[in-house]
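> First the structure, then my questions, so here it is.
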Amino acid sequence: MQSNVVRFLMLIVGSVRDLAPIIVVVGFFQLVVLQQPIPNFSEILIGVVLVLLGLTLFIQGLELALFPIGEAMAVALAKKGSLFWLLTFAFALGFGTTAAEPALIAVAAEAAKV
């Protein structure tokens, strides 16, 4: 139990490290370049905490579900020795990633509105 908590805390630390450059750049431009206080600071802080938690849970989900099954499939396909199925898997994975891209574009468009 404790090792799971420590592992989750390490994921949170990693998410903080990943988000820190974005927070620093936005904070720098708001406070130094624009020389204005951050509007709705408490709401933004809550949003940052939620993004941090969401990113951490997303990464945890990837590590628990998608990465292991993808690795197992890649190993099984490599052992099968079929170049056709290996390339088909790679294509399908790339296609699936590309199909998910519009959702990321929608998130970027919503961020641009802000």
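> At a 1.4 Å probe radius, carbon and sulfur cover how many percent of the accessible area of the stretch 25-71?
77 percent
> Before anything else, pin down the relative contact order of the chain: Cα pairs under 8 Å, at least 6 apart, normalised by residue count, whole percent.
23 percent
> Turning to a different aspect of this structure: For q values of 0.10, 0.18, 0.20, 0.23 Å⁻¹, compute log₁₀ I(q)/I(0) with the Debye formula on a Cα-only model of the chain, without solvent.
Log10 I(q)/I(0), no solvent term: -0.51, -1.09, -1.18, -1.30.
> Now for a separate question. By how many nm would the segment from LEU19 to VAL33 lengthen if fully extended, with 0.36 nm per residue of separation less the alpha-carbon distance?
The span from LEU19 to VAL33 would gain 3.0 nm if fully extended.
> So what is the accessible area of the chain per residue, in Å², with the probe set to 1.4 Å?
Value returned for the chain: 80 Å² of accessible area per residue.
> So, counting K/R as plus one and D/E as minus one, what does the shell of residues with Cβ under 15 Å around ILE59 add up to?
With Lys, Arg at +1 and Asp, Glu at -1, the net is 0.
The values are calculated or read from the model by the stated rules, or taken from the named source; none is laboratory data. Just so it is clear, the structure is predicted and the values come from calculations on it, not from any experiment. Methodologically, a virtual Cβ is constructed for each residue, glycine included, from the backbone with ideal geometry; neighbour enumeration extends over all protein chains shown. Please note that ligands, DNA and RNA were not included when accessible areas were found on the heavy atoms of the full protein model with its side chains. Shrake-Rupley method; radii C 1.70, N 1.55, O 1.52, S 1.80 Å.
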